[in-house]
Amino acid sequence: MTGGGSGIGRATALALVGAGYDTVVVGRRLGELAATAAAVEAPAGAARCLPLAADLTTDEGLRRVREFVYDQYGHLDVLVNNAAVAAFGPLNEFSPESVSAHLELNVASVLKLTGALYDALSVPGRAHVINISSEQSLVPAPNRSVYGAGKAALNYITRSLAAEFAPMGIRVNALLPGAVDTAMLRHATGGHAVGTPLGEGLRPADIAEWVLHLVRSWHTTGALITVDGGTSLS
């Protein structure tokens, strides 16, 4: 579970542990990951939540995750690619370095980490890769070019890998959340919460529920599932 220190990542980690899955939460800030692990309420002998600090934009970080998974378990049932950065604004305000940094985490790290863990996913034979994309990938809008482009690329990666991995019994799907009330979104929007046409805002737990649904749905692969309260209809 990447990006497991807060928001959707933390909610999903708690849901997976509650469903009986040992869950490794990966991110750059160990303190936030430890807080996620501490939030797990499970009796002794139940599933565990293990924090692992690693920068997925570096070769060393990718190597740390791969070695940790193999040393601890030797296989992987579920990979949730959730780590991302979101910054909105006019394209001319993004430096070349900022554009590269966004695409490195939001796109390249997904390809690199999934490839690095391919052998571990192949062992159970019924593994699942779930990519957290965004409804912004479907709705062109001003000041969203860098973020939206990365998430649109993630949609293509999802469907391409679904076809590639199907013979090995590995499912690959993507969730496309709308505006989920997280610290990252509030930072990107200047502290403003975002509603939906249905009236209620989205919570991280709403996306976590869909992750569990996909994990349990054997016959779903290559799907891009929008969970946005109708935002993408407007």
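The values are calculated or read from the model by the stated rules, or taken from the named source; none is laboratory data. Computed from a prediction, not measured in an experiment: that's the story for all the values here. Cβ placement follows ideal geometry from the backbone for every residue including glycine, while neighbour counts extend to all protein chains displayed. With ligands, DNA and RNA removed, areas are computed over all heavy atoms of the protein, side chains included. Shrake-Rupley method; radii C 1.70, N 1.55, O 1.52, S 1.80 Å.
See the values below:
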{"item": "Candidate set from the range 180-220 (those that are among the hydroxyl-bearing types (Ser, Thr, Tyr) and closer than 18 Å to Lys151 by Cα); member that is modelled with the highest pLDDT", "result": "Thr182"}
{"item": "Unique match (being surrounded by fewer than 18 Cβ atoms within 10 Å (Cβ to Cβ), of a type in the set (Gly, Ala, Ser) and under 13 Å from Gly3 (Cα atoms)) among Ala53, Ala46", "result": "Ala53"}
{"item": "Pick from the range 128-141, criterion open to solvent by 20 Å² or more (accessible area, probe 1.4 Å) and in contact (Cβ under 8 Å) with a residue 24 or more places away in the chain, ranking: nearest to the chain's Cα centre (by Cα)", "result": "Ser137"}
{"item": "Breaking point among (1) within 17 Å of Ser109 (Cα to Cα); (2) open to solvent by 30 Å² or more (accessible area, probe 1.4 Å), for Leu79", "result": "(2)"}
{"item": "Which listed residue, of Asn82, Asn92, is closer than 20 Å to Ile132 by Cβ and of a type outside the set (A, V, I, L, M)", "result": "Asn82"}
{"item": "Residue among Leu121, Leu113, Leu105, Leu56 that is touching a helix residue (DSSP H, G or I) at 6+ places or on another chain (Cβ under 7 Å) and either free of Cβ contacts under 8 Å to residues at least 40 places away in the same chain or in a helix (DSSP H, G or I) (or both)", "result": "Leu113"}
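Let's see how each residue does on (1) of a type in the set (Ser, Thr, Tyr); (2) open to solvent by 10 Å² or more (accessible area, probe 1.4 Å):
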| position | (1), (2) |
| --- | --- |
| Ser109 | yes, no |
| Leu113 | no, no |
| Ser122 | yes, yes |
| Arg126 | no, yes |
| Asn143 | no, yes |
| Ala152 | no, yes |
| Ser160 | yes, yes |
| Ala163 | no, yes |
| Gly178 | no, yes |
